[in-house]
Amino acid sequence: MTTGKQNDELIAWLPDLIYAGDRFESGLALVCNSAGQITRTVRAEELKNEKMIRLQNRALLPGMINAHSHAFQRVLRGRTEYRSDDRADSFWTWREMMYSAATRLTPEDIYDASRMAFMEMVLGGITAVGEFHYLHNAPDGTPYDDPNLLAKEVIRAANEAGLRIALLRVAYARSGFQTATNPRQARFIEGGSETFLKNLGSLVNSVGSSTVREGAVSGDAPSNGRVSDKAWVGLAPHSVRAVPLEYLREVIGYARPHALKVHMHVAEQPAEVSSCVAEYGRTPVALLETEGFLSENFTAVHAIHVTPKAIAGFGKTGALVCACPTTERNLGDGVVPVDEYFRHDVDVCLGTDSHAQIDLLEDARALEYHLRLQKLERVVLSGGDPIVTERSSSVTQESSNGNDSSTLPDSWVSALASQLFDCATIKGARSIGAAGGILEKGKPADFFTVDLNDPSIAGSSSDDLISSVVFSLSRAAIREVVVGGKPVVSDGRHIEQEGIVERFSALQKRLWS
């Protein structure tokens, strides 16, 4: 990295390639101001007095958006990969192990675990996260003096790791339909909807007048349009099994006039679907649709066990689906029918969920790869006819003449990868209400770079680089991460990496020894 002439106002980042729209272009510079906002993308020769930062052998891409996270579950990694006494090991047996950890974490533990998860996200090119936060109380269920203490610890952890965060505060009312109360859920449940909404409103007001910086609260929330904002609040009814219908009506009704994003676990497990049918005579998606809960501000997390009819109806509402393929594979949940969602114009974003692995590009490629295993065919999500370009026409002609057809047309090579990368960026930004996900004027200067000489993508051309990044990139190839124009990762290391890892390692030793 080399620095040219200094300028107090504008910084120009000059990599070899910039991902502009759906393709990589060379000879461009990304210019941002001191507030961390992109002011323009220009040809390098058009730069004048900007401070120039040369990124040699690098390609620059917009920061990715992780739409679904349970940060504290980072402590579980590697601890659940064995068969329990239950012969039918499943999500439900894994859940008991998760509860055992959740009941033993102090507020400081939650901060340390969250900071570790968030640092790992940033190292992987993620610049904003939707944190589905449902730890509210002390381990015995007693409310803290500040009912948002743990939420604020999570926000503090994200901002100190350099990550923007949508704190999606979870409503959790019961263990399930006709299910006895589980004492291990005492940290999740807060009285009735009135108590939840009071606490939610308090958090909205707190974060709305402040961004957590250096452990204190100061600044404004993103709703005021400033791109430098680091934290904001959304609403998250946990699921139809955890939140009964009348409660759902009240909390989602609150979200609309307050313009809050709504996230909810939907149809992750067949047992959830059958329980919903038993209680309401409708599947979860049918319940949400007929009650008018689905909208452009609603994201259904998982949405695996759904019917074609439900998907078609879902597609008319403008709601999104958040797939979490790595976690869904790890828990044996099933495969999200992304092909059907795409067919009905449903936007799909991505989440790392339980953090068995934090690699959003792995989740992006898994959207396609899981379907390949299921359908026994390749390139499942590249629907429709390929775009015919001058190059693709010539390739087709060569093939028909019996000549070499090994060179694929650009449109065929990059269309699927661009579509999947959009899931990791633009769609995620829409889901959580983040301003980033794309490199455009007025957007935050949130981006990451990849080393063009890394063995996982070496030899790629600008035409097929996005395919190499989405389908082949090693996370070790990510070298710089910038959030709001400020470097958070340099040469593959986070600026606070040593201290964060040290504290997390100490937590794990205390928790599991």
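The values are calculated or read from the model by the stated rules, or taken from the named source; none is laboratory data. Fair warning: this is a prediction, and the values are worked out from it, not measured in the lab. All Cβ positions, even for glycine, are placed from backbone atoms using ideal geometry, and neighbour counts span all protein chains on display.
Evaluated against (1) aliphatic (A, V, I, L, M); (2) outside any helix (DSSP H, G or I); (3) at pLDDT below 95, ALA300 falls short on exactly one condition, (3). Taken over the stretch 474-495, the residue count meeting the criterion of being closer than 17 Å to ILE18 by Cα and in contact with a helix residue (DSSP H, G or I) (Cβ under 6 Å, 6 or more places away or on another chain) is 1. Any residue at all in the stretch 101-112 that is assigned to a helix (DSSP H, G or I), assigned by TED's automatic domain parsing to the domain that holds ALA231, at pLDDT below 95 and in contact with a Pro (Cβ under 9 Å, 6 or more places away or on another chain)? Looking through the stretch 101-112, at least one residue is assigned to a helix (DSSP H, G or I), assigned by TED's automatic domain parsing to the domain that holds ALA231, at pLDDT below 95 and in contact with a Pro (Cβ under 9 Å, 6 or more places away or on another chain). The single condition among (1) part of a helix (DSSP H, G or I); (2) at pLDDT 95 or above that GLY292 does not meet is (1).
Listed here are the residues, each with its yes/no results for (1) free of Cβ contacts under 8 Å to residues at least 12 places away in the same chain; (2) in contact with a helix residue (DSSP H, G or I) (Cβ under 7 Å, 6 or more places away or on another chain); (3) among the basic types (Lys, Arg); (4) within 18 Å of HIS370 (Cα to Cα).
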position	(1), (2), (3), (4)
GLU289	no, yes, no, no
THR299	no, yes, no, no
HIS302	no, yes, no, yes
GLY334	no, yes, no, yes
PHE342	no, no, no, yes
THR352	no, yes, no, yes
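Within the stretch 475-499, residues that are polar (S, T, N, Q) sit with their Cβ atoms under 9 Å from residues that are part of a helix (DSSP H, G or I), at 6+ positions apart or across chains, in these pairs: GLN497/MET119; GLN497/LEU123.
Listed by first and then second residue, the pairs with beta-carbon distance under 7 Å, at least 6 apart or on different chains, first residue in the stretch 163-178 and in the same structural domain as ASP229 (by TED's automatic domain parsing) and in contact (Cβ under 8 Å) with a residue 24 or more places away in the chain, second of a type in the set (Asp, Glu) and surrounded by fewer than 24 Cβ atoms within 10 Å (Cβ to Cβ), are PHE177/GLU279. Scanning the stretch 249-287 for residues that are buried (at least 22 other Cβ atoms within 10 Å of the Cβ), within 24 Å of the chain's Cα centre (by Cα) and farther than 22 Å from SER69 by Cβ returns a single hit, VAL285. Checking the stated criteria, ALA278 turns out to be modelled with pLDDT of 95 or more and not in a strand (DSSP E or B).
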